[in-house]
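Q: Can you keep this structure in mind? I'll have questions shortly.
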Amino acid sequence: MGRYSLGGRHRMISLNKLVTGYRGQALSQPISGQFPQGSLTAIMGVNGAGKSTLLKTIAGLLPPVSGAVRFARSDKTLAWLPQQSDIDHHFPLRVIEVVAMGSWPASGMLKGLGCGTRDRIEAALEQVGLQDLAGRTINQLSGGQFQRMLFARMLVQDAPIILLDEPFTGIDSQTSAFLLQVIERLHTQGKTILTVLHNLQMVERHFPELLYLHDGHYHWGNTADIVEENAARPLVRCAARSEVRQ
Ligand SMILES: Nc1ncnc2c1ncn2[C@@H]1O[C@H](COP(=O)(O)OP(=O)(O)OP(=O)(O)O)[C@@H](O)[C@H]1O
Ligand SMILES: [Mg+2]
């Protein structure tokens, strides 16, 4: 399936013949289409398909090989939750300091935070159930607690665009369900959300749009349509023997 159209909605992010890759080497064919404002899109594909590379390119962390990523608003602040494997868990920071980073560059380190920001940080810690661990150093967190902390940072950041790279990988089903509710709440607030996921059942139930990367090609649209079109491909076959139901 080619270019993905908006169906009358406002575009938030446009991919214009975007080719992602490293050192000039393309990973995929050019991708064109738009993420509408307030959309909730899952990005799926096998390991190495280029999902993280696409997200990093959209986030501006990697340059495109060719083509462009465009944002509808001049304020293109985005929140970025990296894949677990990209994170250094040993940095000597406390939970509250990491969550407070969500308010940068609006404020400096903790001592420079105004009351409003402190309240937002405390509210975010409470929303993810980490209020009692605020003073812990991050190397003393479990994987699920670490992920909750990153979600709290994202809540503090309050960006209009949210990019999540495998937020539930290695996370137990109860925590995943809890964090999924956080994503759904952000969706109802009108955020534009892109999430890399491997759990097709979760995607079918909770993510209205799907961008599926397969063999250098892409399939982008309404989730039910894309799943039906790709019924014989790894997207569906992996999920058949998969994961926890959400
Ligand atoms: N820094 C890099 N330099 C060169 N090639 C890279 C780099 N990072 C990733 N790649 C390659 O780019 C391809 C896509 O990687 P990417 O991390 O985007 O895959 P992915 O779809 O996120 O996979 P996974 O499901 O395993 O996270 C892979 O072949 C990978 O080896
Ligand atoms: Mg990845």
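Bear in mind these aren't lab numbers, they're just calculated from the coordinates by the rules spelled out. Predicted model, so just to flag it, every value in this text is computed and none were measured. Don't worry about glycine lacking a Cβ; one is built from the backbone with ideal geometry, like all the others, and counts go over all protein chains shown.
Q: Taking into account only those residues within the range 44-60 that are in a loop (DSSP other than H, G, I, E, B) and within 11 Å of ligand 1 (Cβ to nearest atom), which is nearest to Glu209 (Cα to Cα)? Give the derivation first.
A: Quick first cut of the range 44-60, residues in a loop (DSSP other than H, G, I, E, B) only: 45-50, 59-60.
If we keep only those that are within 11 Å of ligand 1 (Cβ to nearest atom) too, we end up with 45-50.
On the way: Gly45: 14, Val46: 18, Asn47: 20, Gly48: 21, Ala49: 18, Gly50: 18 Å.
Ranking the candidates gives Gly45 first.
Q: Right, Asn222: crowded, with 19+ Cβ neighbours inside 10 Å and of a type outside the set (A, V, I, L, M, F, W, C) or not?
A: Numbers: crowded, with 19+ Cβ neighbours inside 10 Å: no; of a type outside the set (A, V, I, L, M, F, W, C): yes.
When the stated conditions are applied, Asn222 does not pass them.
Q: While we're here: Going through the range 47-63 one residue at a time, which ones are buried (at least 18 other Cβ atoms within 10 Å of the Cβ) and free of Cβ contacts under 8 Å to residues at least 40 places away in the same chain?
A: Thr53, Lys56, Thr57, listed by residue number.
Q: Tally up the residues in the range 23-43 that are within 9 Å of ligand 1 (Cβ to nearest atom) and either among the β-branched types (Val, Ile, Thr) or in contact with a strand residue (DSSP E or B) (Cβ under 6 Å, 6 or more places away or on another chain) (or both), please.
A: The total comes to 2.
Q: Could you please find all residues in the range 189-210 being within 16 Å of ligand 1 (Cβ to nearest atom), out of contact with any Gly (no Cβ under 8 Å at 6 or more places or on another chain) and outside any helix (DSSP H, G or I)? Quick ask: steps written out before the conclusion?
A: Taking the range 189-210 as the starting set, the residues that turn out to be within 16 Å of ligand 1 (Cβ to nearest atom) are 194-200, 202-203, 210.
If we keep only those that are out of contact with any Gly (no Cβ under 8 Å at 6 or more places or on another chain) as well, we get 194-200, 202-203.
Passing the criteria: Leu194, Thr195, Val196, Leu197, His198, Asn199.
Q: Go through the residues of the range 168-188 one by one and say whether even a single one is part of a strand (DSSP E or B) and either of a type in the set (Phe, Trp, Tyr) or closer than 24 Å to Gly60 by Cα (or both). Please lay out each step first, then the result.
A: The first filter runs over the range 168-188 and keeps only residues part of a strand (DSSP E or B), leaving none.
Scanning the range 168-188, I find no residue that is part of a strand (DSSP E or B) and either of a type in the set (Phe, Trp, Tyr) or closer than 24 Å to Gly60 by Cα (or both), so the answer is no.
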